[in-house]
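The values are calculated or read from the model by the stated rules, or taken from the named source; none is laboratory data. Note that the coordinates shown come from a computational prediction; the quantities given were computed from them, not determined experimentally. Here the Cβ is made from the backbone with ideal geometry for all residues, glycine too, and neighbour counts use every protein chain on show. With ligands, DNA and RNA removed, areas are computed over all heavy atoms of the protein, side chains included. Shrake-Rupley method; radii C 1.70, N 1.55, O 1.52, S 1.80 Å.
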Amino acid sequence: MLTSLSHSFIYVLDHDEAVDFYVGKLGLEIGTDADLGAFRWLSVHVPGQPESALVLATPEMGHDEETAAAIRELVAKGAGNGVIFSVDDCRKTYDALVGKGVEFTQEPTEHFYGIDCGLRDPFGNSLRLTQPATGPIEIPSPEEFAASAD
């Protein structure tokens, strides 16, 4: 029986640049940083929550060079995986990260599920910061959702 989600993976193109961004700017903590010879196992997590780690994997990790090259190309195009982080106050977090030089693709915006904003890491991966709505979430119909996106 599954009991929890322990690790998720996101491709980065440079570990040191990834640490600078995910730890230095976003404020995550390093969980494991181990040179395993064939690859570097580097994970980060939200402070105080090591049970759910984000592995910062390079395309070479577990792939031949042809596949790694294809992954690098997709990541650079912004076609890699994405991650959503929960925050207590989306607007305050947005302002703090802008102050640290983080570039956003979308300012904080209210949605039926809460307030969120979008950004990309230095490699092109899509990240979102979401302040969940208080109270029950009312999911709109497809028509209502389409109208709100206009």
- Message: Of everything in region 96-128, what is out of contact with any helix residue (DSSP H, G or I) (no Cβ under 9 Å at 6 or more places or on another chain), open to solvent by less than 40 Å² (accessible area, probe 1.4 Å) and not hydrophobic (A, V, I, L, M, F, W, C)? Give them in sequence order.
- Response: 118
- Query: Can you name the number of the only condition in (1) farther than 13 Å from residue 82 by Cβ; (2) in contact with a strand residue (DSSP E or B) (Cβ under 6 Å, 6 or more places away or on another chain); (3) of a type in the set (Val, Ile, Thr) that residue 105 fails?
  - Reply: (1)
- Within the group 105, 58, 67, which residue is among the polar types (S, T, N, Q), without any contact (Cβ under 8 Å) to a residue 24 or more places away in the chain and over 30 Å from residue 134 (Cα atoms)? 67
- Task: Go through region 42-55 and give me each residue that's more than 12 Å from residue 11 (Cα to Cα) and free of Cβ contacts under 8 Å to residues at least 40 places away in the same chain.
- Result: 44, 45, 46, 47, 48, 49, 50
- So, of the residues in region 1-15 that are part of a strand (DSSP E or B) and out of contact with any Phe, Trp or Tyr (no Cβ under 9 Å at 6 or more places or on another chain), which turns out to be most open to solvent (accessible area, probe 1.4 Å)? 9
- Restricting region 56-95 to residues that are polar (S, T, N, Q) and open to solvent by 60 Å² or more (accessible area, probe 1.4 Å), the residue that is farthest from the chain's Cα centre (by Cα): 86
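Go through region 45-55 residue by residue and tally those that are surrounded by fewer than 13 Cβ atoms within 10 Å (Cβ to Cβ) and closer than 22 Å to residue 97 by Cα.
Going through region 45-55, the residues surrounded by fewer than 13 Cβ atoms within 10 Å (Cβ to Cβ) turn out to be 47-49, 51.
Retained after the next criterion (residues that are closer than 22 Å to residue 97 by Cα): 47-49.
Residues that pass the stated criteria total 3.
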- Do we have residue 19 as exposed (fewer than 15 other Cβ atoms within 10 Å of the Cβ), assigned to a helix (DSSP H, G or I) and on the phi < 0 side of the Ramachandran plot here? no
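Got a sec? Which of 28, 42 is closer than 22 Å to residue 84 by Cβ, touching an Asp or Glu at 6+ places or on another chain (Cβ under 6 Å) and surrounded by 14 or more Cβ atoms within 10 Å (Cβ to Cβ)? Can you show your working first?
Working: 28 fails: touching an Asp or Glu at 6+ places or on another chain (Cβ under 6 Å).
On inspection, the qualifying residue turns out to be 42.
Can you tell me which residue among 91, 72 is of a type in the set (Lys, Arg), under 30 Å from residue 149 (Cβ atoms) and touching a residue at least 12 places away in the same chain (Cβ under 8 Å)? Explain how you work it out, then say what you get.
On the way: 72 fails: under 30 Å from residue 149 (Cβ atoms).
Matching residue, one of 91, 72: 91.
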